[in-house]
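Pasting in a structure now, in structure tokens, and then I'll have a few things to ask.
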Amino acid sequence: MKTTIDIPDPLYRKAKIRAIEGKRTLREVVLHALQREVESAESAADRSKSFQDRRQLLPAYRKAAKAGAYRPPAGERDVTELISEDRDAR
């Protein structure tokens, strides 16, 4: 998408110098800076979520969990249930 923005002269000069020093185009510098800004805002929003909500499980773990690999054997209780009971007893 094309758009037009007004960039103050001092900022434009700094960005143009940065582009030349980095052997990049001004467009690349501006897009990179914009991408960082957007990701920074998204990261701030993500930090407000709990770890449990932010975590990303590995595909292999997700597949194994779906197959029941981490469930307790038949007739045995889940370890998280045992820990919860122990904490409640204190």
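Readers should treat all values here as calculations from the given coordinates under stated rules, not as data from a laboratory. Keep in mind that this is a model prediction, so the values were computed, not measured. All Cβ positions, even for glycine, are placed from backbone atoms using ideal geometry, and neighbour counts span all protein chains on display.
List every residue whose amide H lies under 5 Å from the amide H of R24, counting only residues 5 or more places away in sequence or on a different chain, with H placed 1.01 Å from N in the peptide plane.
The list, which skips near neighbours in sequence, is empty: none.
Just need log10 I(q)/I(0) for the stretch 1-64 at q = 0.12, 0.22, 0.26 Å⁻¹, Debye formula, equal scatterers on the alpha-carbon atoms, no solvent, rounded to two decimals.
-0.55, -0.95, -1.13
Please label the shape of the stretch 36-90 as rounded, prolate or oblate, based on the square roots a ≥ b ≥ c of the eigenvalues of the alpha-carbon gyration tensor (a/c under 1.5 means rounded; beyond that, a/b larger than b/c means prolate, else oblate).
Oblate.
While we're on this one: Please determine, in degrees from 0 to 90 and to the nearest 10, the orientation of helix 26-47 with respect to the longest principal axis defined by the Cα atoms of the chain, where the helix direction is its Cα long axis.
30
Something else: At 0.36 nm per residue, minus the direct Cα-Cα distance, what do Q35 and S84 gain on full extension? Give it in nm, one decimal, please.
Between Q35 and S84, full extension yields an extra 13.3 nm.
Would you calculate, for the chain, the mean residue ellipticity at 222 nm contributed by helices, counting each DSSP H stretch of 4 or more residues as -39,500 (n - 2.57) and dividing by all residues, to the nearest 500?
-20000 deg cm²/dmol
If packing is taken as the average count of other Cβ atoms within 10 Å, what order do 1-12, 71-82 fall into, highest mean first?
The most tightly packed comes first, giving 71-82, 1-12.
Could I ask something else about it? Please give the contour-minus-distance gain from K63 to D9: 0.36 nm per residue of separation, less the Cα-Cα distance, rounded to one decimal in nm.
Stretched out fully, the K63 to D9 stretch lengthens by 14.0 nm.
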